[in-house]
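The values are calculated or read from the model by the stated rules, or taken from the named source; none is laboratory data. Because the structure is predicted, anything quoted here is derived from the model rather than measured. Cβ sites come from the backbone with ideal geometry, for glycine too, and all protein chains shown count toward neighbours. Remember, those area values only see protein heavy atoms, side chains included, never the ligands or the DNA or RNA. Shrake-Rupley method; radii C 1.70, N 1.55, O 1.52, S 1.80 Å.
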Amino acid sequence: MRGQPSLCDVLTPQSLQEALSLRVAHPEARPLAGGTDLMVPFAAGRLPDRLFLNLWGLEELRGITVSDGEVTCGALTLFREIAVHPLMQREFPNLVRSAKVTGALAIQSRGSLGGNIANGSPAADTPPSLLVYGSELQLTSLRGSRWVPYADFHTGYKRSLLAPDELITLIRLARLGDGGFHYFRKVGTRQAQAISKVSLAAWARTGNGQIQELRIALGSVAPMPIRARGAEKALLGRSVTNPPLDAALEALQADISPIDDLRSSAQFRRKVAGNLLADMLRGLVSA
Amino acid sequence: MKDYAHIGRSVLRREGRAKLTGAALFTDDLKIEGLLYGATVRSREPRGRIKGIHFEEGFPWEEFIIVTARDIPGKNVVAHLQQDQPCLADGVINHAEEAIVLLAHPDPLRVQDARARVRVDVEPLPTVLSIEESLACDPVIWGQDNVFKTILITKGDPDGARVKGHFQLEATYRTGAQEQLYIEPNAMIGEATAEGVLVRGSMQCPYYVHHALHEMFHLPLEKIRVVQVETGGGFGGKEDYPSMLACHVALLSWKAGGRPVKIAYDREEDMACTTKRHPSRTRIRSAFGADGTLLALDVELILDGGAYMTLSPVVLSRAAIHASGPYRCSNLRVHAQALATNTPPHGAFRGFGAPQSLFAIERHMDEAAQHLGLDPAELRRRNLLHTGDAMATGQIMRDEVDLVALMDRALTEIRYAEKRASYPTLNAGDDPVKRGVGFSVFMHGGGFTGSAESTLNSVVALEGTAGGRVRVLAASTEMGQGANTVFTQVAAEALQAPVDLIEVVPPDTALVPNSGPTVASRTTQVVGKLVLDAGLAMRKTLLEAGLLADGDVAAAIRTYVARHGALRTESRYQKPDFVEWDDATYRGDAYATYAWACYAADLRVDLVTYETQVADFVAVQEVGRVLNPTLAAGQIEGGVAQGIGWGLNEEVIWRQGSMANHQMSNYLMATAADLPRIRVFFEERPYAYGPGGAKGLGELPMDGPASALLNGVQHALGLVPRQVPLTPEVLMDLVEGA
């Protein structure tokens, strides 16, 4: 291991209140939830942080709560908890599928939804699903709590609305009811334990042969997880059986801005993002 | 076939229980008093002159052991075939990740911290980073012309025959580097003073390490001792590199006055700096008669050897000899070269050159079949070798193997004819998932090439103990492949004793004779035969002493040792009478025998993602008598998994001569989810010169999967892929360019 534990300190608050106080007292302390994103660069000696704020023990941040209109997940909700939750499986299948393809079982049993969001990786697996379900985040500091649409949260590569004194505390999903169409596909080349090259999630509702509601989001094709608003616009209100595929594909290309990196090429990402959109529309017809 | 008591039975892996329970101790597990932890400062540049080495000011360097090339007591070389590779770079750098400075400290984290505080100033020199640049000699980076070795095999009149052919085809095939990804990264512990050198660690070839230490220290042979510790996989990756690492830990210990020093690479360092499979480029020009008869083959094969020679000439030799595949061809030329580039040296990896050249010929046959309007199976049916035919080097095929029948068995198992006919219709529909079925036919020579087994002159000893047990003494290492178990079975068979009586001694050069390196599919076939002969000799000794009347071997040994003080028998390699080889002309019996196989794959290509998934895989092979069915099937399954990885996803991404994706998260080896059920079938025809009739089989399964898969992709899409790995990115270009 190349990380230097002896040079590091970990602050472990006993309550959310204490955690928020420590956030103010030590703004340089890196919040540490499941640690699945941070421990890899740490072991490789590539994590610059020396002080960590350990959130793992904060029971206030755990648990999935279901009410009539919404589902609320504590920021420390584990991927595994989402994957096995019966209501999530029924009503938010994209989120369940994306949780199930995040890392390996060990990672899913330690990694958290809040951590996944806060880490801000454009390649993270759950954000596209969170985007298409219109989720909202509760950000909390000693100053109080505020709700922001998740779609507005990421502002650039690893940048977000989270203030230095805030923590993500809750993730809220409005229940969509039955009859929707859900699509999620991750392209990681390897069938398990892969970092995505492209991922696409979609949710739609059709009626009278038309696409009445549609949300599309992608991972690994921009500096952050994004909604494909251009492609959505090209398809909304259009025929399910004969959607304007070319226009939607063209709009999608304007929505995304992929790069070449070690995992794939910009060209591949552009092409496959389009293929996924077409695949999603094929599925919508036969749904 | 003869019925044996132990041979042919799935005796449990001897060290399996210890490995399963965690009782087995690997190098990094050993607790050693006063241990120092070593680390290596490496070059970033692929080529240059070292202008200075700077140690950060204000850092307590006095706490550290520091070694540079100047501290080497003997020659600054890692001795392999040629002494061109320094143990530590001195003055010049020839590849990225080349070792320059060694550090050691009692605190493993401190030494990692210190590593980042050494700066090496390098004046860059022009580089050679591809086969093409090396061929162009711009610049020359090794010898006169960047060529480590050239091999020419000729037969008949390839140029004349090619012109006369009814149909000619020329195509170039490429294969990429591949990382072995043994579970345990390289690790070694050294203790060295003028009184003696002891190195313990993870390795395949204790006597290679012994030789390298001898050359570097200039100490008498008997003062050097090398001990293999439980080894977590090798696949060739621990054939030559451990010699380098052994020299490093021993040097650090030498400088530290003999204190033990350990270097255990983490995965990133292991992937970045150790050897990989040679990348290759193979151009094949062929000619066929109107009936599909292969009239001429002209193969130009090039391996990228990296910055130093290491094992490249030998890898090249095996690649060249296997280049014409299992086919009859009277007019043939194989021109093979290993070239220098400024990348870390490429080395041994299961298959050792054969996967590269067999990939090319097996793809070429499917391409030719398409042009000729013949089914690939039919084209092979008309050209496969038969017993008595002459192979590329003029070797007469002695193995009584019906290759057509072997192929047909695989094709029947995969339901080839039905799928070959029905898939095109299915694929014409809207489903973006296309189906294909493909196969390959190939062979793998067992043991060292040509006269090299005679040169190795391997020896195995068996020892009876006072307690009535039998110890097998050989330098052949257990690295997960099952050597311990097979040796145990063979020794027990020879002695007609229970397997529990047999103990295979962990290799230690102070105790075991040199039975040669653990490579080249030779351990069972060649060394196993020596174990058998030594066992038979021991049984004869006991019989002649009149001690086996009641068949109790343990009692007989106890009595014998009590009477005579010791019981030891040895066996030395004797080449089969028929083997004749001329290294100058590359004529003769390249290998005493071959294992033969046909592998078939049924696959799906998803045109949404350009991913290829293998749905079913059939591996049929003839490997002589199978000594241990469970272990043998495991070897085949593992080799097929590695072959599928090499064929589809395992891509080493080079940036400035350095592996950029040196992590398991971005170098994508296949997981269980990526692999089909691998169905393994053996044809057993006992080989007269192997123990119980066995041939080598460890490398064979690496040779066939890649071409079988790409042949299946050709069937699925009607496209002509010519390179591996056939990553989704490469396939996208092929599909979209079509």
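Numbers for the structure displayed
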read-out	value
Protein-only accessible surface order, largest first, of B:Thr455, B:Thr609, A:Thr65 at 1.4 Å	B:Thr455, A:Thr65, B:Thr609
Centre separation in Å (Cα based) which lies between segment B:609-632 and segment B:140-189	26
For chain B: span of alpha carbons on each principal axis (Å, largest first)	77, 72, 49
Inter-chain Cβ neighbour average for residues A:43-50, partner chain, 10 Å	2
Paramagnetic label zone (point 7 Å from Cα along Cα-to-C-beta, B:Ala545; backbone N under 11 Å) in segment B:562-595	B:562-569
C-alpha long axis of helix A:16-25 to longest principal axis of chain A, angle in °	70
Positive-end extreme of charge dipole, segment A:60-174 - chosen from A:Ala123, A:Thr155, A:His85 (charges on Cβ)	A:Ala123
Accessible surface buried once A binds B (1.4 Å probe; total of both sides; Å²)	2700
Those residues of segment A:36-58 whose amide nitrogen sits under 15 Å from the label point placed on A:Ser15, 7 Å along Cα→Cβ	A:58
Per-pair calculated FRET efficiency, R0 = 51 Å: A:Ala266 and B:Lys575 via Cβ, rounded to 0.05	0.35
At R0 = 25 Å, FRET efficiency that the Cβ-Cβ distance of A:Ala287 and A:Ala247 yields, to 0.05	0.75
Chain A: most fluctuating residue of A:Leu95, A:Leu51, A:Leu137 per GNM, C-alpha cutoff 10 Å	A:Leu51
Two-site label geometry, B:Thr671 and B:Gln496: point separation in nm, points 7 Å out along Cα→Cβ	5.4
Gaussian network model of chain A, springs between alpha carbon atoms under 10 Å - residue of A:Ala201, A:Ala43, A:Ala234 with greatest fluctuation	A:Ala43
Label-point separation in nm, B:Thr21 to A:Ser67, each point 7 Å along Cα→Cβ	5.7
Per-residue HN-Hα couplings for segment B:235-251 [Karplus 6.51, -1.76, 1.60; θ = phi - 60°; Hz; x = Gly/Pro]	6, x, x, 10, 7, 10, 5, x, 4, 4, 5, 4, 4, 5, 5, 5, 5
Cα extents of segment B:131-235 along the three principal axes, largest first (Å)	69, 35, 31
Segment A:43-95-segment B:215-288 distance, computed between alpha-carbon centres (Å)	45
Approximate spin-label separation B:His564-B:Val433, in nm, with each point projected 7 Å along Cα-to-Cβ	6.7
Nearest-20 debye value, the protein assembly as shown charge dipole, Cβ charges on Lys, Arg, Asp, Glu	860
Charge dipole (debye, nearest 20) of chain B; +1 at Cβ of Lys and Arg, -1 at Cβ of Asp and Glu	1120
Per-selection Kirkwood Rh - segment B:606-738 (Cα, Å, 1 d.p.)	16.4
Among A:206-212, B:45-51, the order from most to least packed when residues are scored by Cβ within 10 Å on average	B:45-51, A:206-212
Extension gain (nm, one decimal) between B:His54 and B:Ile653, 0.36 nm per residue minus Cα-Cα	212.6 nm
Solvent exposure, largest accessible area first (probe 1.4 Å, DNA, RNA and ligands not counted), of B:His211, B:His218, B:His105	B:His218, B:His211, B:His105
Amide H contacts under 5 Å for A:Glu70, placed H, 5+ residues apart	A:Arg175
Dipole in debye (nearest 20) - segment A:60-174, about Cα centre, beta carbon charges: Lys, Arg +1; Asp, Glu -1	300
Farthest positive-ward along segment B:607-738 dipole, Cα basis, beta-carbon charges - from B:Ile678, B:Ala660, B:Trp646	B:Ile678
Taking the convex hull of Cα positions in the protein assembly as shown, its mean projected area over all directions (nm²)	44.8
Theoretical FRET efficiency, 1/(1+(r/R0)^6), r = Cβ-Cβ of B:Leu81 and B:Lys223, R0 22 Å, to 0.05	0.35
Label-reachable residues, segment B:157-179, where backbone N falls under 16 Å from a point 7 Å from B:Asp291's Cα toward its Cβ	B:165-167
Of B:Gln525, B:Asn514, B:Leu542, farthest towards positive along the dipole that unit charges on Lys, Arg, Asp, Glu beta carbons give segment B:513-577	B:Asn514
Under-5 Å amide H pairs with A:Gly45, H placed in peptide plane, nonlocal only	A:Arg2, A:Gly3
Between helix A:245-255 and chain A: long-axis angle, C-alpha atoms, 0 to 90°, nearest 10	20
Residues whose placed amide H lies under 5 Å from that of B:Ala615, excluding near-sequence neighbours	B:Asp602, B:Leu603, B:Arg604
Ratio of the Cα radius of gyration of segment A:181-286 to 2.2 N^0.38 Å, where N counts its residues	1.04
